1. Does residue 98 qualify as being in contact with a strand residue (DSSP E or B) (Cβ under 8 Å, 6 or more places away or on another chain) and either within 21 Å of residue 51 (Cβ to Cβ) or in contact (Cβ under 8 Å) with a residue 24 or more places away in the chain (or both)?
2. Can you tell me which of 55, 97, 61 is surrounded by 16 or more Cβ atoms within 10 Å (Cβ to Cβ) and either on the phi > 0 side of the Ramachandran plot or modelled with pLDDT under 95 (or both)?
3. Could you list, ordered by first residue, the pairs with Cβ atoms under 9 Å in which the first is in the range 115-126 and surrounded by fewer than 24 Cβ atoms within 10 Å (Cβ to Cβ) and the second is aromatic (Phe, Trp, Tyr), at least 6 apart or interchain?
4. Given the structure, is residue 20 touching a strand residue (DSSP E or B) at 6+ places or on another chain (Cβ under 8 Å) and crowded, with 20+ Cβ neighbours inside 10 Å?
5. Before we move on, is residue 135 under 12 Å from residue 75 (Cβ atoms), surrounded by fewer than 19 Cβ atoms within 10 Å (Cβ to Cβ) and out of contact with any His (no Cβ under 9 Å at 6 or more places or on another chain)?
6. What number of residues within the range 33-51 satisfy the criterion of being hydrophobic (A, V, I, L, M, F, W, C), surrounded by fewer than 22 Cβ atoms within 10 Å (Cβ to Cβ) and assigned to a strand (DSSP E or B)?
Amino acid sequence: MTFQEKKEVNYQDIHSTAIIGDGTKVYNFVYISEYVTIGQNCLIANFVHIDHDVKIGNNSKIMCMVHIPEYTKIGNNCMIYPNVCLSNEKYPPTGKKVEVVIEDNCIVGTGAIINAGVRLGEGCVVGAGSLVTRDVAPRSVVFGHPAHRQYSREDYDKKQKEFLSRVPK
């Protein structure tokens, strides 16, 4: 194939039972299993694997190299950065799966690990590279190994605003 003949190719495997909302963009090398529901205006980046029975709300972004195991629930307006690992088997290899729940407006930083059965409360932030072993209270910012509360979401938003005011446009 010559350069002029090159066509846009999307290598995707999307099961026929998956429901993908209007305005959602699914990029290359994405696998979406059966009975998955993805809301409107989402972004599913390259190399994302979504197992069966996953629910993702509206306006959420799942960046590259993320595996979302079965039964996971992700709310509206969430941002899941690259290489995040979600687990759904608390004591492997039992075969007993438990859900991870990420409520609305959450941010999960690059390379974070969220253990099976964990619930991230509304508006929380998980720092990059953190290991989350227990539930996170709404509007909390956690990071570390294991992750623990550092400050509130309001403090995070203030720090973000100060940072943006110092960075050249």
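The values are calculated or read from the model by the stated rules, or taken from the named source; none is laboratory data. Treat the numbers as computed from the prediction; the structure is a model and nothing was measured. Quick reminder, even Gly has a Cβ in these numbers, built from the backbone with ideal geometry, and neighbours come from all protein chains shown.
1. No, not satisfied.
2. 97
3. 116/91
4. When the stated conditions are applied, residue 20 does not pass them.
5. no
6. Qualifying residue count, the range 33-51: 1.
Let's see how each residue does on (1) modelled with pLDDT under 95; (2) within 12 Å of residue 86 (Cα to Cα):
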| position | (1), (2) |
| --- | --- |
| 108 | no, yes |
| 122 | no, no |
| 135 | no, no |
| 138 | no, no |
| 142 | no, no |
| 145 | yes, no |
| 150 | yes, no |
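One line per residue, one yes/no per condition, for (1) touching a helix residue (DSSP H, G or I) at 6+ places or on another chain (Cβ under 8 Å); (2) not in a loop (DSSP other than H, G, I, E, B):
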| site | (1), (2) |
| --- | --- |
| 105 | no, no |
| 110 | no, no |
| 116 | no, no |
| 122 | no, no |
| 141 | yes, yes |
| 148 | no, yes |
| 160 | no, yes |
| 169 | no, no |
